[in-house]
1. Suppose we take every Cα in region 71-193 and form the convex hull; what volume per residue is that in Å³?
2. Please report the antiparallel percentage of DSSP beta bridges with both residues in the chain, rounded to the nearest 5.
3. Among 192, 145, 91, which one shows the highest mean-square fluctuation when the chain is modelled as a Gaussian network with alpha-carbon springs under 10 Å?
4. With each pseudo-label sitting 7 Å past Cα toward Cβ, what's the residue 230-residue 198 distance in nm, one decimal?
5. For region 198-209, take each phi angle, set θ = phi - 60°, evaluate the Karplus expression 6.51 cos²θ - 1.76 cosθ + 1.60, and give the result in whole Hz per residue in order, putting x for glycine and proline.
6. Say R0 is 35 Å: what FRET efficiency, to the nearest 0.05, do residue 216 and residue 61 get from their beta-carbon distance?
7. How high is the relative contact order of region 117-216, in percent, counting Cα pairs under 8 Å that sit 6 or more residues apart?
8. Kirkwood hydrodynamic radius, the chain, all distinct C-alpha pairs: what's the number in Å?
Amino acid sequence: MQAENTKDTNHLYAFVEEKADQVTNWLYRKIKKGPLGHGHFSMIVGNSCSGKSLVLIKLQELLKESGGIEKPYVFCQPLVDRNDLITGVIRSRNNKRMEAVSFDTKEKIEQIFHDHDIVVVDEIQLTPHDLQSFFLKELHLFLDRGGLFIAAGLDYNSLGGEFIFSALLKSRSHKIHRLYSLCNMCGKPADRFDQRLINGIPANINMPDFVGPTDSITYEPRCSDCLIVKK
Ligand SMILES: [Zn+2]
């Protein structure tokens, strides 16, 4: 958790929470309405601090509270070695957290889709490359069986481009829920990009697409006008 983002959370929180509630309620109604006879795939996208994980945490709270969901459900995330992610835990920017199943093998992905009617995945853009094709195949079989799939994650990277797996999944989804935060520079709504900073200075385009935050590498939401991609 980065200090500057924690500081901003109170300022951002009212509209982020409000929008998160709207999306959560939409998804909850969708789950309660089933079975539909055909699958549904919702994708939640937006940059950091926009409330993506918050939606999932709120949804799990609703499902637990209601007690009326007979369908087996699971919340999960790809298992990756990053110090900003905790294995088995989904965490929001305002430090709410919930338990989640981690996957890092094809066997685990198959088990997740076979054992549940509702599958929810956070940080979908971090799905390892060598699992993506298998994941997609299992997802389509799951949707054909009438499953309900919800994925949340970043769709744009800090270099001004897109995360390829998120872009592909958006094209296959039935509904996209776009969340937003505010640009750290000008205060305008910002729904795509995060600026990568190294000791406070915009990072160079030649850095890898995937780099987790550290003490020196930080990310902050920015609008497309204020995003700096140094060549
Ligand atoms: Zn801006």
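1. Working: hull volume 15.6 nm³, N = 123.
Hull volume normalised by residue count: 126 Å³.
2. Numbers: 15 of 37 bridges.
Antiparallel bridges: around 40 percent, rounded to the nearest 5.
3. Evaluated over the chain, the most mobile residue of the options is 145.
4. Label-label distance for residue 230 and residue 198, simple model: 0.7 nm.
5. Calculated HN-Hα couplings, in order: 10, 6, x, 10, x, 6, 7, 5, 7, 5, x, 5 Hz.
6. Values: r = 35 Å, r/R0 = 1.00.
Result of the calculation: an efficiency of 0.50.
7. Working: 92 pairs, mean separation 24.1, N = 100.
Normalised by residue count, the contact order of region 117-216 is 24 percent.
8. Details: mean 1/r = 0.0555 Å⁻¹.
It is 18.0 Å.
No value in this document is a laboratory result; all are computed from the given coordinates. No experiment lies behind these values; they were computed from the predicted model shown. Counting neighbours? That spans all protein chains shown, and the Cβs are built from the backbone with ideal geometry, glycine included.
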